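The values are calculated or read from the model by the stated rules, or taken from the named source; none is laboratory data. This structure is a prediction, so every number in the text was calculated from the model and none was measured. Note that we place each Cβ from the backbone using ideal geometry, even for glycine, and neighbour counts take in every protein chain shown. Just so you know, the surface numbers come from the protein's heavy atoms only, side chains and all, with ligands and any DNA or RNA stripped out. Shrake-Rupley method; radii C 1.70, N 1.55, O 1.52, S 1.80 Å.
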Number of protein chains: 4
Amino acid sequence: MIIVLRPDATKSQIEHVIKRVKKLGLKPMVSSGIERTIIGVIGHEDVVRVQPFEAFPGVEKVMPILKPYKLVSRDFKKEDSVIDIGGGVKVGGKKVIVMAGPCSVESQDVLLKAARAVKRSGAQVLRGGAFKPRTSPYSFQGLGEEGLKMLAKARKETGLLIVTEVMDTKDIKLVERYADIMQIGARNMQNFNLLKAVGQSKKPVLLKRGMSSTIKELLMSAEYILSEGNFNVMLCERGIRTFEDYTRFTLDVNAVGVIKNLSHLPVVVDPSHATGKWGLVPTAAKAAVAAGCDALLIEVHPNPEEALSDGNQSLLPERFDELMKDIKKIAEAVGREI
Amino acid sequence: MIIVLRPDATKSQIEHVIKRVKKLGLKPMVSSGIERTIIGVIGHEDVVRVQPFEAFPGVEKVMPILKPYKLVSRDFKKEDSVIDIGGGVKVGGKKVIVMAGPCSVESQDVLLKAARAVKRSGAQVLRGGAFKPRTSPYSFQGLGEEGLKMLAKARKETGLLIVTEVMDTKDIKLVERYADIMQIGARNMQNFNLLKAVGQSKKPVLLKRGMSSTIKELLMSAEYILSEGNFNVMLCERGIRTFEDYTRFTLDVNAVGVIKNLSHLPVVVDPSHATGKWGLVPTAAKAAVAAGCDALLIEVHPNPEEALSDGNQSLLPERFDELMKDIKKIAEAVGREI
Amino acid sequence: MIIVLRPDATKSQIEHVIKRVKKLGLKPMVSSGIERTIIGVIGHEDVVRVQPFEAFPGVEKVMPILKPYKLVSRDFKKEDSVIDIGGGVKVGGKKVIVMAGPCSVESQDVLLKAARAVKRSGAQVLRGGAFKPRTSPYSFQGLGEEGLKMLAKARKETGLLIVTEVMDTKDIKLVERYADIMQIGARNMQNFNLLKAVGQSKKPVLLKRGMSSTIKELLMSAEYILSEGNFNVMLCERGIRTFEDYTRFTLDVNAVGVIKNLSHLPVVVDPSHATGKWGLVPTAAKAAVAAGCDALLIEVHPNPEEALSDGNQSLLPERFDELMKDIKKIAEAVGREI
Amino acid sequence: MIIVLRPDATKSQIEHVIKRVKKLGLKPMVSSGIERTIIGVIGHEDVVRVQPFEAFPGVEKVMPILKPYKLVSRDFKKEDSVIDIGGGVKVGGKKVIVMAGPCSVESQDVLLKAARAVKRSGAQVLRGGAFKPRTSPYSFQGLGEEGLKMLAKARKETGLLIVTEVMDTKDIKLVERYADIMQIGARNMQNFNLLKAVGQSKKPVLLKRGMSSTIKELLMSAEYILSEGNFNVMLCERGIRTFEDYTRFTLDVNAVGVIKNLSHLPVVVDPSHATGKWGLVPTAAKAAVAAGCDALLIEVHPNPEEALSDGNQSLLPERFDELMKDIKKIAEAVGREI
């Protein structure tokens, strides 16, 4: 950590800072430049990070040097993490995994239609929400356990694995029983109690980036899960909120490369939310695979016109089938397979 | 709702849309312009809002006309809501209420010092977190019930009311027992289960705007609480996330006027989080009062250098005291009092 | 255009709006819904767009239906525009064109080294700035005409075409004489005089998106150029400014697909500025090609450590060479070639 | 400047960096922490700033310590700059100056009406654009010199000073002849040639913040003007672009305090553009005065319904008159006058 003093900092203000640094058991390195003094702090940055040095008189700013996360860091683990989600399916290896299905579980019939279709086109995982975070209290809120049972039935019939969202600590035991992957939604990325709770589970977790969370914050939220003992975490870029309003969100495709640099955890991309329009989903999915993502999460609905949520961004099964063929070629072009 | 067709929409596509509108029990008004056809939909927009008309072939875009919220709307209730938070203190009336205190409850001693100081300077409510949402799992996470008890003791001694955060549905009963106002933090603004749960309480709720939530989304989240029966809701602007990085967040001072136009609920401003630097808190607080806010939420700490959270943005008691004098004059200049 | 009245709009206010619409020679379609009246306006939207109807008493909001641009629109020209930039090189056809070279022209020697290298790896166009928009007045500002001459010499030796920036109306004649493509930088995207001036030239123009401009605004700026008679315009996505600060900008890869839907003009992507870090450039470039861009604009420097600008984001020639091989495979996977 | 090495940086990479620092005539201070080595660079940061150290092998990141601007800095000049704009009017002193008038100069008649009205209510400066930067090439582009003459006539009649925009280096001599303050618009904040050109003038300059420019970038643009010799610069906060779409822009009221801390230059606020809706202008103006701005720039039109630009955000003269009374009280509450 570097503490930058103000040009007009007094000697006693500087000494006060130095004293405090020493009191924390750390070593201050004072350097007097032409315009101002700076103090480098050597030692465990965690101890020093929580100190509000910017509140000290004479201090202009404080600049952290080290990363605030550990277990998720590439420094902690050099090689890529490969997560076994069951049934021999692994996320983070050579194969790019496709998770597809309707936004919400609406009925057994629609779900099965979707499941059969995505299975036929080559998906390995079925997505579908039983608990739905909806902006409006008057919108469809999901079928709850009923929906989870429908997912289980679809898994039984098709052999697809299940990814589904958990929204509340009180539902974890329930969701855990049915799901192969528990999803933490973008709106709950900083619901820290929920993160701790899934961290105490053994189930793989798909953690979605908050719509205005930095990559660093995403990694910090993953750190909550790993620090409780669950290392089976996948990070999902699903579009961030920007001033551009033609699309629902802006796909931060840079994030794929950045996360790969900073962390060993696999990266999933959701091109459906990242665009909000089905016509743009294929383009975004292709870009994501080319950028090196380990999995895709795509909304597919047998009849988007009747979908109870996110119909605008759902692909028809036939369009999804075409997309699978397209991304297969791109996966091969980047040395992967689908 | 207006449905805009693409210039190349076929007749049968247009008829398909019209048929669906009628099937929903609504009245379509077709208007053929020079370049394209548009269909106005007359009737309850809720019914139509959930239909994914953008997924229909031939449809270019869909534009809602009506507001998606009702109970929080100024259309629903013309006059300002005034919320009685106990002890004769009312938010939303002529008096601008000041809520102040440390970010976290750290110890009985520090809390009492802060409480006495803010009371002396004219605050009516003591703030202090017992459950703390922290970006890092390695940071101080709050004292839990222990902290709530310290708050209760401070209330007993000083007569100040208590506002404190609740982060999880499982803690609501507990927090309700101690708090005069339950705070929903910015990171939980779209934790819909939590919103429903505080909606079933009778306790006043202070709902903070998510750091990248639009004003409309803030109102929709408040609608969750009101729709469960709890109308005692205060909306808090606490800074939004923008590209500007000199300050921690950007205070959206426009939001005060906008919310007052759109809703009858009182508006609180938090200048501490909205700036992230104690040196800028007074400026932001003055602007907020001039803009017409009903209450302020300010971090004050007897010794910011020792604060376990947010020390950088906490005011010393003597600076808070000056600020109170300054905003008193501004309150009077806009026809209010402090 | 749709004019939405307030619920409390009086009859005379509504009539006042209707009268004004008629006065403009347009046809108002009045529709009285359950909650409020709306007025659809049929006729040329340009006439009505400039009317400040939101300033009329009783009006709540105004929603445009039609697009504000014409000549750049896909509605105006169905098929893709293919722009002949000289020497048989075409942007917008099957071949993805690569424009590469140093950020600034620094010396004849460095420029020639870069030119030979990018030529060898398969680029068709040499980039290099002679006029440089620099944030600081104390940074290297470019060599001016001297630099243009060096570019001409590099073209002569290598056969590469030249793309270089023009920053001021007074320099257009000069730049036109040397360049094959005139670049309008992101900071000048709304320098309307400059747009008009290059619109009066015949030279192809590469128009960069402003760092916080919407796609609609980018199209409107292109409309300025086309409306003056120059249809040889390429649109360049180069990253937008968001809250994410790990990268210099956020590559809006969605924009490629969106522009292709809305406009017939070719799309160029600049992965160097869109990331700001050379280690991330390959990922972004691959994503851009997979998304369907028509050309790439990449910074390559024989010795980035010595570069006078943007050294951090410049590729070494050998890394650029690898990248060319990688994107060749992706181009083929999406039915293009490089 | 601090250079942070990667944990896996080799000894020879570290030495390579050190050698380069020394070659620049600067002094490296090497400090080996637990996790990585950092190198502090002592000496003139300008020299080092242009070196792309992030491109060096083994370097993780580079953190500047000093501010990149000088002449505009509070470190350069402690006391507030007070700018004499003529006729005894001074910006930056005790009196808060009000600049008001129509967005564009449309006709002599309308302009005079506006001028008389704002004069009567207490404004000192008349605003009005003769050269207009418009998003659409089909919108009214301003009257050019004709408009400037109308402004001069209004000045003659009313005694108001004139602020008007200059958009192109070629128009500076012309605008200079008529204006008392030359305005650089938000879209030209980084039109560096224009900045240099007004820097060579003696006329006061009102520099508007770009809609997505950081405060630091605003100060760097001002530095361009001062470094050419013109110290009569006022900085104008006019709203920044964020995700919030209810208002046209988000007024960054924090910026007033931040600029006052970092710079000695006066701060102007434009509540009209910062909100985009006349109904919100008074709130924003009051907040700005409370926050300590030195001047306001407000759009007033005798008949907004007929305005050729920005009618939606223009105040009627009678509303402006009320606003003047309101902000007078607030100015007094913060120890200023109007």
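At a glance:
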read-out: Candidate set from segment C:235-264 (those that are charged (D, E, K, R) and more than 7 Å from chain A (Cβ to nearest Cβ)); member that is farthest from C:Gly276 (Cα to Cα); value: C:Lys260
read-out: Single residue of B:Gly199, B:Gly185 found to be small (Gly, Ala, Ser), within 14 Å of chain A (Cβ to nearest Cβ) and out of contact with any helix residue (DSSP H, G or I) (no Cβ under 9 Å at 6 or more places or on another chain); value: B:Gly185
read-out: Residue list for segment B:261-283, restricted to those being open to solvent by 10 Å² or more (accessible area, probe 1.4 Å) and either in contact (Cβ under 8 Å) with a residue 60 or more places away in the chain or touching a His at 6+ places or on another chain (Cβ under 8 Å) (or both); value: B:Asn261, B:Leu262, B:His273
read-out: Where C:Pro302 falls short, out of the listed (1) assigned to a loop (DSSP other than H, G, I, E, B); (2) open to solvent by 30 Å² or more (accessible area, probe 1.4 Å); (3) closer than 15 Å to C:Val256 by Cα; value: (3)
read-out: So A:Val91, is it away from chain B (no Cβ under 14 Å), open to solvent by less than 60 Å² (accessible area, probe 1.4 Å) and over 25 Å from the mean Cα position of the chain (by Cα); value: no
read-out: Filtered residues of segment C:1-37 (kept if closer than 27 Å to B:Val47 by Cβ, of a type in the set (A, V, I, L, M, F, W, C), outside any loop (DSSP other than H, G, I, E, B) and free of Cβ contacts under 8 Å to residues at least 40 places away in the same chain); value: C:Met29, C:Val30
read-out: Of all residues making up segment A:42-73, the number that are of a type outside the set (Gly, Ala, Ser) and either at positive phi or more than 25 Å from the chain's Cα centre (by Cα) (or both); value: 17
read-out: Odd one out for A:Gly86, checked against (1) away from chain B (no Cβ under 11 Å); (2) among the small types (Gly, Ala, Ser); (3) under 24 Å from B:Trp278 (Cβ atoms); value: (3)
read-out: B:Ser309 within 12 Å of chain A (Cβ to nearest Cβ), more than 17 Å from D:Asn261 (Cα to Cα) and polar (S, T, N, Q); value: yes
read-out: Yes/no for A:Gly40 being in a strand (DSSP E or B) and out of contact with any helix residue (DSSP H, G or I) (no Cβ under 7 Å at 6 or more places or on another chain); value: yes
read-out: Out of B:Leu280, B:Leu296, sole residue that is aliphatic (A, V, I, L, M) and in a strand (DSSP E or B); value: B:Leu296
read-out: When residues of segment D:123-147 are limited to those that are closer than 20 Å to D:Val98 by Cα and away from every other protein chain (no Cβ under 14 Å), the one surrounded by the most Cβ atoms within 10 Å (Cβ to Cβ); value: D:Arg127
read-out: Test: A:Gly159 is open to solvent by 10 Å² or more (accessible area, probe 1.4 Å) and more than 9 Å from chain B (Cβ to nearest Cβ); value: yes
read-out: Selection status of A:Met63, among the hydrophobic types (A, V, I, L, M, F, W, C), out of contact with any helix residue (DSSP H, G or I) (no Cβ under 8 Å at 6 or more places or on another chain), touching a residue at least 40 places away in the same chain (Cβ under 8 Å) and within 30 Å of A:Ala285 (Cα to Cα); value: no
read-out: Matching option when the condition is surrounded by fewer than 23 Cβ atoms within 10 Å (Cβ to Cβ) and either away from chain A (no Cβ under 12 Å) or not in a strand (DSSP E or B) (or both), among B:Lys286, B:Lys328; value: B:Lys328
read-out: Where a residue in segment D:203-214 is under 13 Å from D:Ile225 (Cα atoms) and at pLDDT 95 or above and its partner, wherever it lies, is open to solvent by less than 10 Å² (accessible area, probe 1.4 Å) and of a type in the set (Ser, Thr, Tyr), with Cβ under 9 Å and at least six apart; value: D:Leu207/D:Ser221
read-out: Unique residue being of a type in the set (Gly, Ala, Ser), over 29 Å from C:Leu218 (Cβ atoms) and open to solvent by less than 20 Å² (accessible area, probe 1.4 Å) when the list is C:Ser31, C:Ser12, C:Ser73; value: C:Ser31
read-out: Residues located in segment D:94-122, provided they are open to solvent by less than 30 Å² (accessible area, probe 1.4 Å) and either free of Cβ contacts under 8 Å to residues at least 40 places away in the same chain or in a strand (DSSP E or B) (or both); value: D:Ile97, D:Val98, D:Met99, D:Ala100, D:Gly101, D:Ser104
read-out: Subset of segment A:55-66 [open to solvent by 50 Å² or more (accessible area, probe 1.4 Å) and assigned to a loop (DSSP other than H, G, I, E, B)]; value: A:Pro57, A:Pro64
read-out: Unmet criterion (only one of (1) farther than 20 Å from C:Trp278 by Cβ; (2) touching a residue at least 24 places away in the same chain (Cβ under 8 Å)) for C:Tyr138; value: (2)
read-out: Test: residue in segment D:297-313 that is farther than 27 Å from D:Leu143 by Cβ and touching a residue at least 40 places away in the same chain (Cβ under 8 Å); value: no
read-out: Any hit, segment A:41-50, residues being open to solvent by less than 20 Å² (accessible area, probe 1.4 Å) and closer than 28 Å to B:Pro317 by Cα; value: yes
read-out: Matching entry among C:Val258, C:Val289, C:Val268, C:Val233 (being at pLDDT 95 or above, within 21 Å of C:Ala114 (Cβ to Cβ) and of a type in the set (A, V, I, L, M, F, W, C)); value: C:Val268
read-out: Residue check, B:Asp252 in contact with a strand residue (DSSP E or B) (Cβ under 6 Å, 6 or more places away or on another chain) and under 16 Å from D:Phe243 (Cα atoms); value: yes
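Residue-wise test of (1) within 14 Å of another protein chain (Cβ to nearest Cβ); (2) buried (at least 23 other Cβ atoms within 10 Å of the Cβ); (3) in a loop (DSSP other than H, G, I, E, B); (4) in contact with a Pro (Cβ under 9 Å, 6 or more places away or on another chain).
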site	(1), (2), (3), (4)
D:Lys149	no, no, no, no
D:Thr164	no, yes, no, no
D:Lys173	yes, no, no, no
D:Lys203	no, no, yes, no
D:Gly210	yes, yes, yes, no
D:Leu219	yes, yes, no, yes
D:Glu223	yes, yes, no, yes
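For (1) part of a loop (DSSP other than H, G, I, E, B); (2) among the basic types (Lys, Arg); (3) touching a strand residue (DSSP E or B) at 6+ places or on another chain (Cβ under 6 Å), each residue gets a yes or a no:
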{"site": "D:Gln190", "(1), (2), (3)": "yes, no, no"}
{"site": "D:Asn193", "(1), (2), (3)": "no, no, no"}
{"site": "D:Gly229", "(1), (2), (3)": "yes, no, no"}
{"site": "D:Leu235", "(1), (2), (3)": "no, no, yes"}
{"site": "D:Arg248", "(1), (2), (3)": "yes, yes, no"}
{"site": "D:Gly257", "(1), (2), (3)": "no, no, no"}
{"site": "D:Ala290", "(1), (2), (3)": "no, no, no"}
